[in-house]
Amino acid sequence: MSSTSDLATPGLHLLRERREHPVLLFVARRLAAAIATLLIVSILVFVGTEVLPGDAAGAVLGRNATPAQVEEMRALMGLDRPAPERYLDWLGGVLTGDLGNSAAGFAAGGVSPIWEEISGKIANSFALAGITAALMIPLSLLLGIVAAVRAGRALDHAISISSLAIISLPEFIIGSLLILVFFSWLDLLPPVSLIAPDTNPLTQPDVLVLPVLTLLGASLAASIRMVRAGMVEALNAEYVTMARLNGFRERMVVTRYALRNALAPSVQVLAQNIQYLVGGIVVTEYLFNYPGLGKELVDAVAIRDVREVQSVALLIAAFYVGLNIAADLLVVLLVPRLRTQR
Amino acid sequence: MRRFFGNLTPSAWIGFVILVAIVAVAVFGPLLAPHPLDEPIGVPLTRPTEGAPFGTDFLGRDVLSRTLWGGRSVLGLAGIATVLAYAGGMAVGLAAGYSRSLLDPLLMRVSDVMLSFPALLFLLVLVTGAGSSKTVLVIGVALVQMPLVARIVRAATLEQSVRGFVEAAVARGERATAVVRREIVPNILGSVTADIGLRFTYSIILVASVNFLGLGLQPPDADWALIISENRAGLTLNPYVILVPAALIAMFTISVNVVGDAVARNLGISTARRRLVR
């Protein structure tokens, strides 16, 4: 990630191979780093949730449980075994597609696999994030470019100031204000997103509008500012001045010369913002009672369902890291120069 | 001070005035609260009346009084977390940047891992393991921010440590701690504090979000984010119970970010390319 640490890596002898399959090698390197990162994340998540003081079995049973009941529950949940053994057991399970059983299931007296509880919710969250991203990418490029082309004028100031304001707001504030306007005041849209299990949220567009607007507000503001910065830089470059001096029309200068060069940094910014959606979606889903993975996670944390928190956290981290690689790959494909640089 | 506030634009001035006002509400608000914090004064979720300008909450308590009390935790917890993040980040960043020993690559890898994990998720994992409390919340938020501060400190330290005056001090035979304290720290303070507005905004956002999720402060504490969270269902009956604390949090984060942005500009650091709030 940091350019200084890359210089230190002993990769000089690989240069020739790199010239032959630069993109492949790049992907292989990033994948290896990602797997290492995820392993460390899995250890941190495990240590953070299980080794720190706290009693998951007691939390499941509630305050009135007798010590004997707690002991029994600990054995049932597998908490009586040593920590390294539990870690390897969990990691092995996750790698083979078994996320473990939820504590909510144990509390209800049965065994309930986490995957069955969350699979439908993952789809709901993807629907929410997908629609937001599909709107965010074109809108941020458009508004960022408009602001950059009009840099220093009234429209630019309006876009810049409002995006600086919105970027400072927590999602639940944006969402609460939207509910106040669109539900309490105008009575147009529902304040909670009630979606029956096993129904596609896309069939009920009205419950999606406010959550999407909430997520869009925060992420759009950040990406507009970054796209604008990249575009302003490109528009001040000498090749743009040269193109203008050559008498090309401004539209052509902006789209063919400046935009193509501003696009690469923008891709990374957009990927960062989609990653940010992953965090923002937790709060947004909770606010609107949207039945997605984020709401599920908050509920699991509230009842201290350790195994479910671990598995969901690792899934989210894997998605986050995967997105990062995809963005880097896209940038490398867009900017040929980078293929040999690293 | 001139260096930080010497040349403020009108919008930065407005932000500064709002910021001072919000901090005053948070600090002195409890002295002005007309009603006790935890006693019902009327029917739950009534709209504004003579005695209660913002109406009552879902338990019939005075919204104005609870709001006046609820700023302390927002300001205090986010403030302490930011200070801790800077203290820890300075120590780690200076050590890594100046010693260039094993600590340096270690710090960089750890912060890579931290950055590959959404901050809120980190806090949720921490709460699952250690329970919901003020201490966990503050330490968690500080830990999330620390790698970002440490990276900036490290980069600035690396830049300074090859300068002539540092080499001269080393050649004079001064101890490493003295070199760091007298030669390096004064020269990196500008670029390190440029981000303080962003870090503080982010601390407020994280603290408020965890409290909103019900995983930080617990009822009956009065806290702006918690007030919004516990009264969500009553929003149609008395919108002020949501509107007032939401507006205060919004004005707080926006003014901190606007002022921080202006200060960074005054320090001559381009704000365009910095990693924005999140």
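The values are calculated or read from the model by the stated rules, or taken from the named source; none is laboratory data. These figures come from a predicted structure and were not determined experimentally. Cβ placement follows ideal geometry from the backbone for every residue including glycine, while neighbour counts extend to all protein chains displayed.
So here's what we get for this one:
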| read-out | value |
| --- | --- |
| Index of the failed condition, A:ALA134 passing every other in (1) within 14 Å of another protein chain (Cβ to nearest Cβ); (2) without any contact (Cβ under 8 Å) to a residue 12 or more places away in the chain; (3) closer than 24 Å to A:GLY279 by Cβ | (1) |
| Members of the range B:97-122 that are outside any helix (DSSP H, G or I), within 9 Å of chain A (Cβ to nearest Cβ) and out of contact with any Phe, Trp or Tyr (no Cβ under 9 Å at 6 or more places or on another chain) | none |
| The listed residue being modelled with pLDDT under 90 and part of a helix (DSSP H, G or I), out of A:ARG304, A:ARG260 | A:ARG260 |
| Sole residue being out of contact with any Pro (no Cβ under 8 Å at 6 or more places or on another chain), more than 10 Å from chain B (Cβ to nearest Cβ) and within 26 Å of B:ALA225 (Cβ to Cβ), chosen from A:GLU285, A:GLU296, A:GLU238, A:GLU308 | A:GLU296 |
| Test: residue in the range B:224-232 that is among the small types (Gly, Ala, Ser), farther than 24 Å from A:ILE166 by Cα and touching a residue at least 60 places away in the same chain (Cβ under 8 Å) | no |
| Single unsatisfied condition, A:LEU297 versus (1) over 30 Å from B:SER132 (Cα atoms); (2) hydrophobic (A, V, I, L, M, F, W, C); (3) buried (at least 24 other Cβ atoms within 10 Å of the Cβ) | (1) |
| Qualifying residues in the range A:191-201 (those that are in contact with a Leu (Cβ under 8 Å, 6 or more places away or on another chain) and under 24 Å from B:PRO245 (Cα atoms)) - the one nearest to the other protein chains (Cβ to nearest Cβ) | A:PRO191 |
| Qualifying residue in the range A:176-184 (condition: modelled with pLDDT under 90, more than 27 Å from A:TYR276 (Cβ to Cβ), in contact with a Pro (Cβ under 6 Å, 6 or more places away or on another chain) and of a type outside the set (D, E, K, R)) | yes |
| Conditions (1) at the interface with chain B (Cβ under 10 Å from one of its Cβ atoms); (2) under 30 Å from A:MET231 (Cβ atoms); (3) touching a residue at least 12 places away in the same chain (Cβ under 8 Å); number of the one not met by A:VAL332 | (1) |
| Residue match in the range B:242-250 (condition: within 21 Å of A:GLU296 (Cα to Cα), within 7 Å of chain A (Cβ to nearest Cβ) and surrounded by 23 or more Cβ atoms within 10 Å (Cβ to Cβ)) | no |
| Any helices (runs of 4 or more DSSP H) falling wholly within the range B:167-278 and containing at least 3 residues that are closer than 21 Å to B:THR157 by Cα and among the hydrophobic types (A, V, I, L, M, F, W, C) | B:185-193 |
| Which listed residue is more than 21 Å from B:LEU102 (Cβ to Cβ) and under 14 Å from the mean Cα position of the chain (by Cα), from B:VAL144, B:VAL136, B:VAL125, B:VAL149 | B:VAL144 |
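Listed here are the residues, each with its yes/no results for (1) aromatic (Phe, Trp, Tyr); (2) assigned to a helix (DSSP H, G or I).
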position	(1), (2)
B:VAL43	no, no
B:GLY51	no, no
B:PHE54	yes, no
B:THR67	no, yes
B:ARG72	no, yes
B:GLY76	no, yes
B:VAL83	no, yes
B:TYR86	yes, yes
